[in-house]
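Here the structure is laid out as structure tokens; the discussion comes afterwards.
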């Protein structure tokens, strides 16, 4: 639903494009924005909006030209960023969080390393597990009471990885029903009684939550937000819903479950990042500083604020985006535990 509202917000912002281009000084060369996704889709729309909002933050208000590349998961665009973009400060890239799941899960298409990019800005969304608990209060014990929790899911290489890892961190046996991409098919499966729980993540979570709540769904835990220090904080979109670790504090778990805590934090960061803008590795620090200064102006612009508000997205400057990306920098042991968990639990479905 919110994707459609974002489209309408994009139409409103388009009227500002002519004015911004008129502001561009004759001596201000164009800048480029590589968009990791198809033209007209979600990341592309954010790219266009961010380009307009960033322009006034540079001397001479240069035009920032969007260049869409590749598919929805952002992998092709991310590969292009690492392989072909010259780190001269003239080209930034905007990517979806989906590209990070491909990197985390060892997708053989991946030839990029997001932990080496220089963050500029981003936008975070919300993620929440919703379960049919009946009269039981939300708790780890209530989830274990299902015996095996049937979870609606897309694939292990999607935002649902955060839910799969989160439930593992709670010692909740889970039987995912894969192939349910997006809120609508998951909601249909929940209402039909085919699954016990749904993980909602992305733009417009509150709108997607409404039909689940009307059919016995209860928000159980969320993935929270993250501050520039890297600490997990409450999600303002989901007041009163605890983040996973706060929720887990109500009970005890095995050491094997706790070994996936770092992997969960990484998956939560990837799920949380609706979009993020970066510069390639080795970009000159002065160029990085110029983009980040422009981003400080951009995240305060009325048009971008309006689009973010309509989409239930929280805009972040470089520090907040960097904190999310830092969570992906797993140790060798944590990476091995994650790969083992995926291979043992999901096998071929992880591809």
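The values are calculated or read from the model by the stated rules, or taken from the named source; none is laboratory data. This one's a predicted model, so the numbers in the text were calculated from it and none came from an experiment. Cβ coordinates were reconstructed from backbone atoms using ideal geometry, including for glycine residues, and neighbour counts include every protein chain displayed.
Residue 130 meets all of the listed conditions (1) modelled with pLDDT under 95; (2) not assigned by TED's automatic domain parsing to the domain that holds residue 279 but one, namely (1). Here 269, 257 are screened, and the one residue that is in contact with a strand residue (DSSP E or B) (Cβ under 8 Å, 6 or more places away or on another chain), in a helix (DSSP H, G or I), within 25 Å of residue 154 (Cα to Cα) and in contact (Cβ under 8 Å) with a residue 24 or more places away in the chain is 269. Contact map, segment 291-319: residues that are at positive phi and in the same structural domain as residue 59 (by TED's automatic domain parsing) paired with residues that are in a helix (DSSP H, G or I) and surrounded by 16 or more Cβ atoms within 10 Å (Cβ to Cβ), Cβ distance under 9 Å, separation 6+ or inter-chain. Pairs shown: 312/2; 312/205. Just one of the numbered conditions (1) touching a strand residue (DSSP E or B) at 6+ places or on another chain (Cβ under 7 Å); (2) at pLDDT 95 or above is not true of residue 312: (2). Could you list, in sequence order, all residues of segment 210-232 that are crowded, with 22+ Cβ neighbours inside 10 Å, under 25 Å from residue 123 (Cα atoms) and over 18 Å from the mean Cα position of the chain (by Cα)? Passing the criteria: only 220. Counting the residues of segment 280-292 that are within 14 Å of residue 59 (Cα to Cα) and crowded, with 16+ Cβ neighbours inside 10 Å gives 4.
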